[in-house]
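Worksheet: the structure to be examined is printed underneath.
The values are calculated or read from the model by the stated rules, or taken from the named source; none is laboratory data. Small disclaimer: the values here were computed from a predicted structure and weren't measured. Only protein heavy atoms, including side chains, enter the accessible area calculation; ligands, DNA and RNA are left aside. Shrake-Rupley method; radii C 1.70, N 1.55, O 1.52, S 1.80 Å.
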Amino acid sequence: MGLSALTNIAKATIISETKSLVTKNKHSFTRQARKLGQPQRWRIKLSTAPLPYQQAMAIYAQLASLDGIYGKDSLPCPLPQIGSALSVKNRVTRAVGASSVDAIVLAKEAGDAIGVGDFIQFAGHKKVYQVTLFNSDSGEVQFYPKLKFSVGVSEQIKVGKDVEFYVYSQDSDTEISITAARPVPVNIELVEVTE
């Protein structure tokens, strides 16, 4: 069972040291900022629904196999998409440090293509960004943090479930508390790799 499988049974909480917004569904986001100009990275907490002993132990075994910071894997975005974009591309080249792109929405469902708060990712990049403004008339997408890598013309902008966080487990000490007689949730904390 890989990290991808965990998202089918988990509720996600994306948190940081500076700000937290918690909803009744126990979803939240925050950001983890670093000094000396290091780009923000996301810290993600997954908490499964109460699981039978056998399933809980299978997830624990998968987490332990990540071997702390040494095991890195991709985690599909576990939070629901706010906008309705299905396919988006970048219109103009943007250099490292930019905080916006001009998007061409190729396909979407009803409503705004990209919602404020959505996570986006550029094809070929591992870093994930969060939308702070979308102008449906001009196609401008503002996001945070600033670009860590340049973005080319016609580069795909991943949205929704296509966004993948590249993560490692929070530390090499993995703890679990399970009672075989009753279902229990499994809690997992992962940190985005910022290479």
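The three principal axes of the Cα atoms in region 40-195 give end-to-end lengths of 57, 34, 19 Å, sorted in falling order.
Entry for region 78-144 at q = 0.19 Å⁻¹: log10 I(q)/I(0) = -0.70, Debye formula applied to identical alpha-carbon scatterers, no solvent contribution. Quantify, in whole percent, the carbon and sulfur part of the accessible surface of region 81-195 (1.4 Å probe; protein heavy atoms only). Carbon and sulfur together cover 47 percent of it.
Of all alpha-carbon pairs in region 114-170, indicate the percentage at a distance above 13 angstrom.
Values: 989 of 1596 pairs.
Counting every Cα pair in region 114-170, those more than 13 Å apart make up 62 percent.
Leaving out ligands and nucleic acids, note down the accessible area per residue over region 96-195 with a 1.4 angstrom probe, in whole Å². Let's see the in-between values first.
Working: 4930 Å² over 100 residues.
Accessible area per residue: 49 Å².
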